Amino acid sequence: QVQLVESGGGLVQAGGSLRLSCAASGGIFSINAMGWFRQAPGKQRELVATITTSGSTNYADSVKGRFTISRDNAKNTVYLQMNSLKPEDTAVYYCNANIRRYTALRGSDYWGQGTQVTVSS
């Protein structure tokens, strides 16, 4: 059974930094795109950043220049380095990955359980 386990969330002051990690495990044949999404209270879940297997990245305009997504394919892990954090970055951050299992012909989307990021002003 595929699992995505996130870590690294917490409370930080505005202007500070946090690094999120998400490790995938469980019968994985290959991982395609990986990414981070976030959901603030009362708002819809939104894309933060994505990264392909080859390392091509895409960012939401609101985080460009402040956040950096990266991945370690050998460890099946994706990271999100968040710098210059703002109170409006406060949200639950979710890891997402398109994973093909050994028993499957194609990939499916999987989600982590979410990790809370709170930025105080």
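Percent of accessible area on the chain owned by carbon and sulfur, 1.4 Å probe? Its accessible area is 47 percent carbon and sulfur atoms. If only the Cβ of Lys and Arg carry +1 and only the Cβ of Asp and Glu carry -1, the dipole of region 9-94 around its Cα centre is close to 40 debye.
Could you tell me the relative contact order of region 1-55? Use alpha-carbon pairs under 8 Å, at least six residues apart, and round to a whole percent.
Over region 1-55, the number comes to 28 percent.
Residues whose amide H comes within less than 5 Å of that of Lys86, counting only those at least five positions distant or on another chain, are Gly15 (H built at 1.01 Å from N in the peptide plane). The alpha-carbon of Lys64 sits under 19 angstrom from the alpha-carbons of these aspartates and glutamates, leaving out residues fewer than 8 places away in its chain: Glu46, Glu88, Asp89. Placing dummy labels 7 Å off each Cα toward the beta-carbon, the span from Ser17 to Ser62 is 2.3 nm. For region 64-81, putting each phi into the Karplus relation 6.51 cos²θ - 1.76 cosθ + 1.60 with θ = phi - 60° gives couplings of 4, x, 10, 9, 9, 9, 8, 8, 10, 5, 5, 9, 6, 10, 10, 10, 9, 8 Hz, in residue order, rounded to whole numbers and with x for Gly and Pro. For region 1-44, backbone nitrogen atoms closer than 13 Å to the point 7 Å from Gln116 Cα along Cα-to-C-beta are found at 9-12, 41.
Evaluating 6.51 cos²θ - 1.76 cosθ + 1.60 at θ = phi - 60° for every residue in region 82-98, the Karplus couplings come out as 10, 10, 6, 5, 10, x, 6, 7, 4, 4, 8, 9, 10, 8, 9, 8, 9 Hz, glycine and proline recorded as x. The trypsin sites (Lys or Arg not before Pro) found in region 20-119 that occupy coil by DSSP, while having at most 12 further C-beta atoms within 10 Å, are Lys43, Lys64, Arg106. Magnitude of the charge dipole for region 69-121, about its Cα centre and with charges confined to Cβ atoms of Lys, Arg (+1) and Asp, Glu (-1), is about 320 debye.
Counting only heavy atoms of the protein chains and using a 1.4 Å probe, Glu46 has close to 80 Å² of accessible surface. So if we plug the beta-carbon distance of Asn73 and Thr103 into 1/(1 + (r/R0)^6) with R0 = 35 Å, what FRET efficiency do we get, rounded to 0.05? So, using R0 = 35 Å, E works out to roughly 0.95.
Comparing Cα centroids, region 81-121 and region 1-61 end up 3 angstrom apart.
The values are calculated or read from the model by the stated rules, or taken from the named source; none is laboratory data. Since the structure is predicted, the reported quantities are computational estimates derived from the model, not experimental observations. Note that we place each Cβ from the backbone using ideal geometry, even for glycine, and neighbour counts take in every protein chain shown. Protein only, heavy atoms only, side chains kept; ligands, DNA and RNA dropped before computing areas. Shrake-Rupley method; radii C 1.70, N 1.55, O 1.52, S 1.80 Å.
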